[in-house]
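Shown next, in structure tokens, is the structure this report addresses.
The values are calculated or read from the model by the stated rules, or taken from the named source; none is laboratory data. Here the structure is a predicted model, which means the values were calculated and not measured. For neighbour counting, all protein chains shown are included, and Cβ atoms are generated from backbone atoms with ideal geometry for every residue, glycine included. Surface accessibility is based on the protein's heavy atoms, side chains included, excluding ligands, DNA and RNA. Shrake-Rupley method; radii C 1.70, N 1.55, O 1.52, S 1.80 Å.
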Amino acid sequence: MKVSRYAILKIISSLFLGLVVIFDAAAQEGVSKQLGDYHLTLYPDIQGDVLDLEAFTKQSDQEVFFGVTCSAMSPFPSMQVLLFEDEIISEFPRLMKASYQIDGRPGDVPLQAILKADLTADRFVNRLRFEVDSTKVQKRMDLMKQAYHRLLDELEQGKTVQLTVEHRHTGKKSYRFSLQGLKAVLQPYQRVCR
């Protein structure tokens, strides 16, 4: 039985594509570990280079989480607080005033918070995403990057962070989290986070 070159190439390309899908699926699973008070998950590409990372910690007595995520595809890191079940503060999206303190001292970077309400039959969560307030920092890419870098530096050097959000419909809410282990999480992945 004679097999054409076209058939052989088709078989080889199908096998290669299958391997790519398998490696890609394995890369999407991520690698998790605990560093200090942070649970770190790394998402590598096919070559094993880290493309994304997520680091979260939790308040010991409430369903409130704080996390930092970085992606090689995004110019800025993301900082968020997740509120579950009884901790939910709004059923509607909100743009909120935000501030923070590191070890009791006010932070240098002006922030705002965007609240996303995810309320379905099986899941209740508020996502508070903290961003550099672009109305208080010039909207130039280099200045925005510098502001995010300052924020990460402050977080890495501190022991605790207190994040405060305020809106006329929800009032003022504050959340305190440990920063122990965050520096160990972020330092090896400067390429992704900065």
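The residues packed around Ile102, meaning those with a beta-carbon under 14 Å from its beta-carbon, carry a net charge of 0 if Lys and Arg are +1 and Asp and Glu are -1.
Here the accessible area of the chain is 54 percent carbon and sulfur, with a 1.4 angstrom probe and all protein chains present. Accessible surface calculations at 1.4 Å, restricted to protein heavy atoms, place the chain at 61 Å² per residue. Across His167, His149, His39, mean-square fluctuation computed from a Gaussian network of the chain (C-alpha pairs under 10 Å connected) peaks at His167.
Taking Cα atoms only, the orientation of helix 141-157 departs from the longest principal axis of the chain by about 70 degrees. In the context of the full protein assembly, Glu154 retains an accessible surface of approximately 40 Å², using a probe radius of 1.4 Å and ignoring ligands and nucleic acids.
Helix 5-29: angle to the longest alpha-carbon principal axis of the chain, degrees 0 to 90, nearest 10? Long axis of 5-29 versus the principal axis of the chain: about 20 degrees. For Lys145, Lys136, the ranking by accessible surface with the largest value first comes to Lys136, Lys145, using a 1.4 Å probe. In the complete set of protein chains, residue-level accessible area for Phe124 is approximately 80 Å², probe 1.4 angstrom. In this structure Lys183 has an accessible area near 90 Å², from a 1.4 Å probe over the protein heavy atoms.
Quick check on the chain: helices-only [θ] at 222 nm, where DSSP H runs of length 4 and up contribute -39,500 (n - 2.57) each and the sum goes over total residues. Nearest 500, please.
-8500 deg cm²/dmol
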